[in-house]
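Reviewing the structure listed below.
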Amino acid sequence: MIEKELERLINTNIPLIVFREYDFVRVDCLISSVLGQYELEEWNPSAGLVFFDNKETKGFGGLSLEDYLRGIANNDYAKERYVVLKEVQGLLDNPGVIYSLQLIAQRRLYDASYNTSVIIVCSVLELPKELEKYSSFLELSFPDDETINGIIDSHIAINKYDKSKFNDSDRKTLLISLKGMSEYDIDRVLDMAMSTDGSLSAADNKMILRKKKEMVKRSGVVELIEVPDGMGGSDIGGLSALKQYLQNKSKVFKDIGMALEFGVKMPKGIFLVGMPGCGKSLCAKVTAAIFGTPLLKMDMGSLMGKYVGQSEENMRKAIATAEAASPCVLWIDEIEKAFNGVGGENSEVLTRMFGYFLSWMQEKSSSVYVVATANNAEKLPPELKRKGRFDEIFCVNLPDKKEREEIFKVHINKLNGLGSAPTEDIDYGLLARNTAGFNGADIESVVNETVEYLFLDGKKVLNTYALLNTAKNTISISKSCGKQIKEMEQAFAESSFKDANTGKVKNRSDE
Ligand code: ATP
């Protein structure tokens, strides 16, 4: 509970409490409910110094933040007082402001006669390093199912909509989509949904998902990825063991209540390590499709902030967003880019982020299924690879002959589906035999380029010969990055990861 957390910080004398949040109304309610009995005042860039309760000016029109904080820092004041600074991010690079905040913090900690604490509330915040040791970050949690249902009911009541027309299935559909949004955002989208015809139903879900996508994107830490309608296991060529594994997990995930009751453990996720262009990202999308959940993507590179506490805060926020949006699949792309440096020089931030991530994975009880992908796992800390974190680690190799046949089929069948490129009988065996060393992306490009060539040449039928001809002129990944591919093959052969195609550990036979 966020109230308890704020109380805890107050009781432990944290001098600077920081909310990175744009829902000011909710933060105000929270501050009033926990600190309402104390003296409270607010400074914001629009009105300057105001009473916290009614936002009326406190009689110092035009008082700058620097002057205001200097006064607070230097004047003795024994009464317990909380000063709320809103949207001051653009003013925190002023040495005078930083100095006064340091002084307030130090007096709050060491001067028994001084009792002022500062609460900073900003929608985007880069906290200066000098203030790090005095600060603690707090975050509003996303509303739970009960609260969301309450908000839905209040919108139905306010709009005088006939409640009997809003059935259980409407509610279930909207509830899943509204998870992971703030109360403020839920209010806005429900207003929008009901503004057109005063009704609310599962039909509004498309609009809600569109808005949610924008909101999640605005959070800057995770992205909602669109999964094409009708996507499924048949979109992946080869990788049979992995596909089977995911199908089994999806049965558990879809019936998680019964499964847990039966004693099945909550699925945590998988780690896919493998060659570039061999379908790891595709597998993340297919996982969400067969689990029937949204797909959130966490890009480790973009979590790394340059300011104090920002990276850890971003990670916490990303995980909180995923938890609130659960059930969902959380795709962590290029996990090695963030965690390769753990344990090295200047890696305190990384090590803290890594520790946070590991303990979340270890203790995770929410239905967030993690799909982490990496090209290289060699330099990743061993703690990440041991059991207890991911349910399984799969190694995705270059496709063998049978897999290449299947990948050709997947992409050629897609063309048939579009009705754009009629095919004659294709000799898939011959294609596969002539494309050793190609990855899935190479094969997809052979198909697409051939279709384009046929179109430009005025031909209507896709044939084996044309495909072979394109393949002959294609520089496969094994040729363009031969050295790296060999090294990766060697590393995978020595690893103890399961092969995503055979399900076996270590050496498998190709061709
Ligand atoms: P990277 O490590 O470079 O990010 P990746 O392993 O995530 O690569 P994807 O992005 O999933 O690779 O695949 C690249 C393209 O190749 C996709 O468009 C995908 O459709 C196709 N592809 C790759 N592998 C397969 C496969 N096994 N079956 C069908 N298509 C595939």
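The values are calculated or read from the model by the stated rules, or taken from the named source; none is laboratory data. Because the structure is predicted, anything quoted here is derived from the model rather than measured. We place every Cβ from the backbone using ideal geometry, glycine too, and count neighbours over all the protein chains shown.
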Residue pairs within 9 Å by beta carbon, gap of at least six or interchain, first lying in the stretch 1-27 and within 19 Å of E132 (Cβ to Cβ), second among the basic types (K, R), listed first then second, are N13/R108; I14/R8; I14/R108; P15/R107; P15/R108; L16/R108; R20/K317
Condition broken by G292, with the remaining ones in (1) out of contact with any helix residue (DSSP H, G or I) (no Cβ under 7 Å at 6 or more places or on another chain); (2) free of Cβ contacts under 8 Å to residues at least 60 places away in the same chain satisfied: (1)
Identify, from the list S32, S117, the residue that is among the small types (G, A, S) and touching a Pro at 6+ places or on another chain (Cβ under 7 Å). S117
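If I filter the stretch 258-267 for residues that are within 30 Å of S478 (Cβ to Cβ) and aliphatic (A, V, I, L, M), do I get at least one hit?
no
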Just to confirm my filter: which helices (runs of 4 or more DSSP H) fall fully inside the stretch 122-205 and include at least 3 residues that are within 27 Å of E7 (Cβ to Cβ)? 145-158, 183-195
Restricting the stretch 244-268 to residues that are surrounded by fewer than 22 Cβ atoms within 10 Å (Cβ to Cβ) and within 16 Å of the ligand (Cβ to nearest atom), the one nearest to C328 (Cα to Cα) turns out to be Q247
Step by step: first the residues of the stretch 269-314, then only those that are basic (K, R) and either surrounded by fewer than 19 Cβ atoms within 10 Å (Cβ to Cβ) or out of contact with any Gly (no Cβ under 6 Å at 6 or more places or on another chain) (or both), then the one that is nearest to G238 (Cα to Cα). Which residue is that? K285
Would you check if E183 is exposed (fewer than 15 other Cβ atoms within 10 Å of the Cβ) and not β-branched (V, I, T)? no
Quick one: which residue in L109, L140, L127, L101 is closer than 30 Å to D170 by Cβ and of a type in the set (A, V, I, L, M, F, W, C)? L140
I need the full set of residues from the stretch 105-118 which are hydrophobic (A, V, I, L, M, F, W, C), out of contact with any Leu (no Cβ under 7 Å at 6 or more places or on another chain) and buried (at least 17 other Cβ atoms within 10 Å of the Cβ), in order please. none
Please go through the stretch 229-250 and give me each residue that is more than 26 Å from D499 (Cβ to Cβ) and either touching a residue at least 60 places away in the same chain (Cβ under 8 Å) or of a type in the set (D, E) (or both), ordered by number. D229
Top-ranked residue in the stretch 463-501 [being of a type in the set (S, T, N, Q) and in a helix (DSSP H, G or I); ranked as nearest to the chain's Cα centre (by Cα)]: Q484
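In this structure, is K133 under 30 Å from N74 (Cα atoms), over 27 Å from the mean Cα position of the chain (by Cα) and free of Cβ contacts under 8 Å to residues at least 24 places away in the same chain? Even if it seems obvious, please write down each step before you answer.
Numbers: under 30 Å from N74 (Cα atoms): yes; over 27 Å from the mean Cα position of the chain (by Cα): yes; free of Cβ contacts under 8 Å to residues at least 24 places away in the same chain: yes.
So K133 fits the description; yes.
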Given (1) more than 30 Å from F438 (Cα to Cα); (2) within 16 Å of the ligand (Cβ to nearest atom); (3) modelled with pLDDT of 90 or more; (4) not small (G, A, S), where does L200 come up short, assuming only one miss? (2)
Of all residues being aliphatic (A, V, I, L, M) and more than 16 Å from the ligand (Cβ to nearest atom) in the stretch 346-374, which is nearest to the chain's Cα centre (by Cα)? Just the residue, please. V368
Among what's in the stretch 437-462 and is away from the ligand (no atom under 15 Å from the Cβ) and not in a loop (DSSP other than H, G, I, E, B), pick the residue that is modelled with the highest pLDDT. T450
From the list K280, K285, which residue is within 15 Å of the ligand (Cβ to nearest atom), at pLDDT 95 or above and either under 15 Å from F390 (Cα atoms) or not acidic (D, E) (or both)? K285
